[in-house]
Amino acid sequence: MKLYELTIHEAHDLLKSRQISSTELTRAVLDHIEKKDDKIGAYLSVFEENAMIQAREADQMIARNEIQPLTGIPLSIKDLICTKGLPTTCASKILEKFIPPYDATVMTKLKNAGAVTVGKTNMDEFAMGSSTENSRMHITRNPWDITRIPGGSSGGSAASVAADMCIGSLGSDTGGSIRQPASHCSVVGMKPTYGRVSRYGLVAFASSLDQIGPITKDVTDCALLMNVISGYDPQDSTSVPKDVPDFQKSLEEGLKGLKIGLPKEYYITEGLDPDVSAAIDNAVNTMKDLGAEFVEVSLPHTKYAVAVYYVIAPCEASSNLARYDGVRYGFRDKDPKDLLQMYRSTKSKGFGPEVQRRIIIGTYALSAGYYDAYYGKASQVRTLMIEDFKSAFQKCDVLLSPVTPSPAFTIGEKTDDPLNMYLSDIFTLSANLAGVPGISIPCGFSKNNLPIGLQLMGSHFNEEMLIKVAYNFEQATMFHKKKPTL
Amino acid sequence: MKITKNEIIHVANLARLEIDEASLDKVTEQISRILEYVDTLNQIDTKNIQGTSHAITLTNAFREDIVKEDLTNNQALFNAPEKENGAFVVPKIVGR
């Protein structure tokens, strides 16, 4: 076995028993990046020197018997999570040279746990997109088929995990940006409950929807990362003061007596690929064999999720992105004739087309005369969607659905048709709007060998349930063991 | 709802963006299609429904008002495109 192929828990066992060192492991991952990333383009920056220093420090911790589950583990980080002294670009020209003077809370937690940061991963600019094609730096290719997109916006993170160019990764999910790329790359991705993980130091896109979460090679690793990054943070007043369980504990429980809901609206969606549909049917049968019961439930407002999301997210984005004005940090266009011109040319050159489109939609939907018709209306329908989830969870413990209507599309296929691109987010948006947790796990492959993912959604703060179901399914199927050939 | 080219220019200006003439038609068409799609929300009766701006109900988050370490002047200015004497520099904003 190659060291870079290890999962977090496998690497941890070998580090703990001193069969390998973090220095060796980190070196192996860095060499693999060097060899393979020209083909994939998962990384925006690789911190070789810094990573090796962290690895040596981790080895010293281990020598002092201070090993924790993430000590010495090389991770990649989506490039919108602030890393002190190391570039954080959001794949945007406007932050191309930005070096954060502080660490995001999740980074502080990873550092305290002794984890190693090997680099920052590619993404759609400011996390706006479903394919990583909106990166202003370069595209990322799907390790399973390099003519296809890896998904987005955390496409670099998912591709880096799938191609073994890290041991695990952190992404962020505003409308599916962890779950959808995880599904397209055959890895595990979790969007925690809104408020479970601190957003301090996560560059804001849509503040009421954004959450940081793990992208990993298996469900055990997901639980291990969740254990470290979760918890209340005084620096983020929207994080929730709630005890964090040991997510690893829920791995071993069985599924007997568990009720899984199938939201009927998710299965009558136009354009649901037959291979996806078949993979989900098989998954349902597997879960039945494991002792789970199935009930049909209804989330009647599902078909409005895209419309609600593409009002609320741009509204919040237009407000959040107003801060990039060329004054305090980031890009400033040269020689403006006055202040107003400085703002205009800085923003127009600094932001790419999709970001500008969303800023315009958001500004329009919040402007006088349109606020009630757009933002007001969307936020009311959001209430109805939350009610849908509440009544569904009275009938079942967890919801099961596809992650995306079809496997990964080809590069360039949807770039000229933003609405069509948005519609592919239909199954993931609701979890963000309702704040509930969701996980994507591998559940099979299409006829042309493209990964298919399965989504589980739970009630607020019930990530344990998702991890339990996901783990049982994973161990019964072992789809996660299949690797792309690079 | 259809949006006109003039409205796009107006809204872009509110957001301090410039849309160049060459892409104006395309941007207008794309945003119109999105807004027309959003109009499907009008099919839903939302009378007397309270809007949601935040999915998790939290009341005020208070903290003690104590001074703690924060960024130094140098750190805060580190990423500034232009700076002088410990301050950000911007184009002149007051006329004669």
Touching a residue at least 24 places away in the same chain (Cβ under 8 Å) and either over 22 Å from the mean Cα position of the chain (by Cα) or surrounded by 12 or more Cβ atoms within 10 Å (Cβ to Cβ) (or both) - does that describe any residue in segment B:23-30? yes
Elements of type helices (runs of 4 or more DSSP H) contained in chain B, each with 2 or more residues being of a type in the set (D, E, K, R) and more than 7 Å from every other protein chain (Cβ to nearest Cβ): B:5-14, B:21-38
Does at least one position in segment A:477-484 carry a residue that is at pLDDT 95 or above and within 15 Å of the chain's Cα centre (by Cα)? no
Selection within segment A:376-395 - at the interface with chain B (Cβ under 8 Å from one of its Cβ atoms) and not β-branched (Val, Ile, Thr): A:Gly376, A:Lys377, A:Ala378, A:Ser379, A:Gln380, A:Arg382, A:Leu384
Note: among A:Gly151, A:Gly156, just one is in contact with a Pro (Cβ under 9 Å, 6 or more places away or on another chain) and not in a loop (DSSP other than H, G, I, E, B), namely A:Gly156
I'm told A:Tyr329 meets every condition in (1) over 29 Å from B:Ile56 (Cβ atoms); (2) at the interface with chain B (Cβ under 7 Å from one of its Cβ atoms); (3) without any contact (Cβ under 8 Å) to a residue 40 or more places away in the chain except one. Can you identify the failing condition by its number? (3)
Test A:Ser207 against the stated conditions and say whether it is over 20 Å from A:Pro442 (Cβ atoms), of a type in the set (Gly, Ala, Ser), surrounded by 23 or more Cβ atoms within 10 Å (Cβ to Cβ) and within 14 Å of chain B (Cβ to nearest Cβ). no
Among the candidates A:Asp416, A:Asp397, A:Asp425, single out the residue that is within 23 Å of A:Val240 (Cβ to Cβ) and either over 20 Å from the mean Cα position of the chain (by Cα) or surrounded by 21 or more Cβ atoms within 10 Å (Cβ to Cβ) (or both). A:Asp397
Top-ranked residue of segment A:171-194 - restricted to ones that are out of contact with any Pro (no Cβ under 9 Å at 6 or more places or on another chain) and within 14 Å of chain B (Cβ to nearest Cβ), ranked as surrounded by the fewest Cβ atoms within 10 Å (Cβ to Cβ): A:Thr174
Segment A:432-462, residues that are touching a Gly at 6+ places or on another chain (Cβ under 9 Å) and of a type in the set (A, V, I, L, M): A:Leu433, A:Val436, A:Ile439, A:Ile441, A:Ile452, A:Leu454, A:Leu456, A:Met457
Taking segment A:342-371, which residues are at the interface with chain B (Cβ under 8 Å from one of its Cβ atoms) and more than 30 Å from the chain's Cα centre (by Cα)? A:Met342, A:Tyr343, A:Arg344, A:Ser345, A:Ser367
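Conditions tested, residue by residue: (1) of a type in the set (Phe, Trp, Tyr); (2) part of a helix (DSSP H, G or I); (3) within 24 Å of the chain's Cα centre (by Cα); (4) modelled with pLDDT under 95.
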{"position": "A:Pro241", "(1), (2), (3), (4)": "no, no, yes, yes"}
{"position": "A:Val244", "(1), (2), (3), (4)": "no, no, yes, no"}
{"position": "A:Glu270", "(1), (2), (3), (4)": "no, no, no, yes"}
{"position": "A:Ala307", "(1), (2), (3), (4)": "no, yes, yes, no"}
{"position": "A:Cys315", "(1), (2), (3), (4)": "no, yes, yes, no"}
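The values are calculated or read from the model by the stated rules, or taken from the named source; none is laboratory data. Keep in mind that this is a model prediction, so the values were computed, not measured. Ideal geometry is used to build each Cβ from the backbone, glycine not excepted, and the neighbour counts take in all protein chains shown.
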